[in-house]
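First the structure, in the form of structure tokens, and then the observations on it.
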Amino acid sequence: MPNPTDRRIYEHPILTFNRGKKVTFYFEGKPIEAYEGESVAVALYAVGIDVFSWSPKLRRPRGPFCMIGKCSSCFMTINGTPNSRACRTPVKEGLVVERQVGWGALQVSTASSEEVSTEKIEADLLVIGGGPAGLAAALEAAEHGLSVVLVDEHFKLGGQLLKQTHKFFGSVELFGGMRGYQVAEYYVKKLSEHSNVKILTSTAIYGIFRGGIVGAASESVHYIIKPRAVVVATGAQERFLEFPNNDLPGVIGAGGAQTIMNEFGVRPGERALVVGSGNVGLIVSYQMLQAGVKVAAVVEILREIGGWFVHAAKIRRYGVPILTGHTLKYVEGESRVSKAVVAAVNEKMEFIPGTEKEFGVDLVLLAIGLEPDTRICAQAGAVMKYIPELGGMVPLRTRNLETTVVNMYVAGDASGVEEATTAIMEGQVAALSVVSKLGDTSRATRALEKSSKILRFLWEEYRASPLLSRARRGKELATVSEDELVELRSKYPSPVSFG
């Protein structure tokens, strides 16, 4: 397959990529031109570099996959530090980047404790995650007068909103008619108007400890945060699929491709095969067509399309076939995918001999679902439950989204995978629940009234749609009553509490 030297998108029917000024960094001794605002991973990918590292044992090439820092595919040595996440590191003038084999050499710091910058922060609310749920929670709490700390691992806020170019359905109050990246811009602007909000980007939460202490770290600062309440809005991560050569560069998660393409304006490939016909698979297929990527086909292992008809109709108008009852059998390639083979399956999901179809592609996009990122909740001692309808392990919580850890709430995809609109509503509900506990009497009363209104709409109208029945069932299974919450806390006490 062709490997163009410049994969950046300069013309797009919807998006305008306002790139920052040019900077030069060094990749294995060679100067690379990039733009401020790009990540190292995107800047390398944009100039045709597909291999970011090699696996520890078999020395197999690794390329980008999730592009949100939740996998290890883009670990590189940056300014001498191994295992740096290239997808979460912004380009800077003079940065030195090298590929590594395996995990790289362990670095032992010689800095004394006096040389490490430590900042202690007290706040009413800590919000972990700057996606739709986290942004909504932070703004809601700030507007009700609480002091808020918002922490996100990315160097900019927005989460999945940054890569969503389709228009939201629904009412104006829920951003109907706006595109995801516009919603992110709205929240960032509104938060900037509040002096009671402290935003920490490029910062990772590394643990929650007894006494309600939360540890966080950026490149230059160690934060010790003491909040009265926490909202966990850490989102979700891509699911993987087993097939021969599934680790080849060019096999990318749907969200990873969206990040490369919609957030940074770089084509993820020239010709793609999409695995999965849910809304994400159908939407990203259309987005790739808009970005100039040819879509060879969409394959779906089930007998019917999983997403909405309106999304399927869009790509069919472009002549993209949707092959139901088919799935990916294997891919081939050297340093990048060059061919994908799919085949039909029977009722037992076994391949049917003689039904193989070959596609010459350089991109295989996996749109097979997400699983909640709930590691923070589990580490804090929240009672967890595996719920397939929600994508995996999630914390049990009340209708107001409080977990079994006192004053720890969960919202958005971390509470169970749905979509951005429900994430926003859950973020609001979680924040309003905190306000009802920590705010003064008048604010608490208003917060309870608003929360009740949102919950009624969310459960009785929005989730009443047959299209959301699976998610609704999952949320019901994860929700406990206040009495059940007390019983769970007694039976499975957490060493952590806030307040």
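As an exercise: evaluate VAL101 against (1) in contact with a Phe, Trp or Tyr (Cβ under 8 Å, 6 or more places away or on another chain); (2) modelled with pLDDT of 95 or more; (3) aliphatic (A, V, I, L, M) and give the number of the one condition it does not meet.
(2) is the only condition that VAL101 fails.
Can you tell me how many residues within region 343-391 are out of contact with any helix residue (DSSP H, G or I) (no Cβ under 9 Å at 6 or more places or on another chain) and under 27 Å from GLY48 (Cβ atoms)?
Count: 6.
Within the bounds of region 412-420, is there any residue that is in contact with a Leu (Cβ under 8 Å, 6 or more places away or on another chain), open to solvent by 10 Å² or more (accessible area, probe 1.4 Å) and part of a loop (DSSP other than H, G, I, E, B)?
Looking through region 412-420, at least one residue is in contact with a Leu (Cβ under 8 Å, 6 or more places away or on another chain), open to solvent by 10 Å² or more (accessible area, probe 1.4 Å) and part of a loop (DSSP other than H, G, I, E, B).
Go through region 12-53 and give me each residue that's touching a residue at least 60 places away in the same chain (Cβ under 8 Å) and acidic (Asp, Glu).
Matches in region 12-53: GLU28, GLU38, ASP50.
Filter region 389-403 for residues that are touching a residue at least 40 places away in the same chain (Cβ under 8 Å), surrounded by fewer than 24 Cβ atoms within 10 Å (Cβ to Cβ) and within 19 Å of the chain's Cα centre (by Cα); which is nearest to GLY369 (Cα to Cα)?
It comes out as GLY391.
For region 68-172, give me every one of the strands (runs of 3 or more DSSP E) that falls completely inside it and has 1 or more residues that are open to solvent by 10 Å² or more (accessible area, probe 1.4 Å), at positive phi and polar (S, T, N, Q).
Here the list reads 81-85.
With respect to LYS475, is the statement that it is modelled with pLDDT of 95 or more, surrounded by fewer than 15 Cβ atoms within 10 Å (Cβ to Cβ) and assigned to a helix (DSSP H, G or I) true?
no
May I ask you to list pairs of residues, at least six apart or on different chains, whose Cβ atoms are under 6 Å apart, with the first in region 230-247 being over 22 Å from ASP152 (Cα atoms) and the second being in a loop (DSSP other than H, G, I, E, B)?
What qualifies is LEU241/ILE368; ASP247/ARG60.
Kindly indicate the residue of region 6-59 that is among the small types (Gly, Ala, Ser) and in a loop (DSSP other than H, G, I, E, B) and also nearest to ARG179 (Cα to Cα) among those meeting that condition.
Ranking the candidates gives GLY37 first.
Return yes or no: is VAL341 among the hydrophobic types (A, V, I, L, M, F, W, C), in contact with a strand residue (DSSP E or B) (Cβ under 8 Å, 6 or more places away or on another chain), outside any loop (DSSP other than H, G, I, E, B) and surrounded by fewer than 19 Cβ atoms within 10 Å (Cβ to Cβ)?
yes
Exactly one condition in (1) under 20 Å from the mean Cα position of the chain (by Cα); (2) assigned to a helix (DSSP H, G or I) is false for LYS190; which is it?
Condition not satisfied by LYS190: (1).
Pairs needed: first member in region 474-485, over 13 Å from ASN400 (Cα atoms); second member anywhere, polar (S, T, N, Q) and modelled with pLDDT of 95 or more; C-beta distance under 6 Å; at least 6 residues apart or different chains.
none
Go through the residues of region 352-365 one by one and say whether even a single one is crowded, with 19+ Cβ neighbours inside 10 Å, farther than 29 Å from VAL293 by Cβ and either over 16 Å from the mean Cα position of the chain (by Cα) or among the aliphatic types (A, V, I, L, M) (or both).
For region 352-365, residues crowded, with 19+ Cβ neighbours inside 10 Å, farther than 29 Å from VAL293 by Cβ and either over 16 Å from the mean Cα position of the chain (by Cα) or among the aliphatic types (A, V, I, L, M) (or both): absent.
Filter region 373-388 for residues that are open to solvent by 50 Å² or more (accessible area, probe 1.4 Å) and of a type outside the set (S, T, N, Q) and give the result.
Hits for region 373-388 are ARG375, ALA378, LYS385, TYR386, PRO388.
Across region 264-300, which residue is farthest from VAL361 (Cα to Cα) among those that are in contact with a strand residue (DSSP E or B) (Cβ under 9 Å, 6 or more places away or on another chain) and part of a helix (DSSP H, G or I)?
VAL280
Does LEU328 satisfy the condition of being crowded, with 16+ Cβ neighbours inside 10 Å and in a strand (DSSP E or B)?
In short, yes.
Taking region 478-496 as the search range and keeping residues that are among the small types (Gly, Ala, Ser) and open to solvent by less than 60 Å² (accessible area, probe 1.4 Å), which one is farthest from the chain's Cα centre (by Cα)?
Going through the qualifying residues, I end up with SER481.
From (1) within 21 Å of the chain's Cα centre (by Cα); (2) on the phi > 0 side of the Ramachandran plot, pick out the condition that doesn't hold for ASN407.
The failed condition is (1).
The values are calculated or read from the model by the stated rules, or taken from the named source; none is laboratory data. Predicted model, so just to flag it, every value in this text is computed and none were measured. Don't worry about glycine lacking a Cβ; one is built from the backbone with ideal geometry, like all the others, and counts go over all protein chains shown. These accessible areas exclude ligands, DNA and RNA; they are computed on the full protein's heavy atoms, side chains included. Shrake-Rupley method; radii C 1.70, N 1.55, O 1.52, S 1.80 Å.
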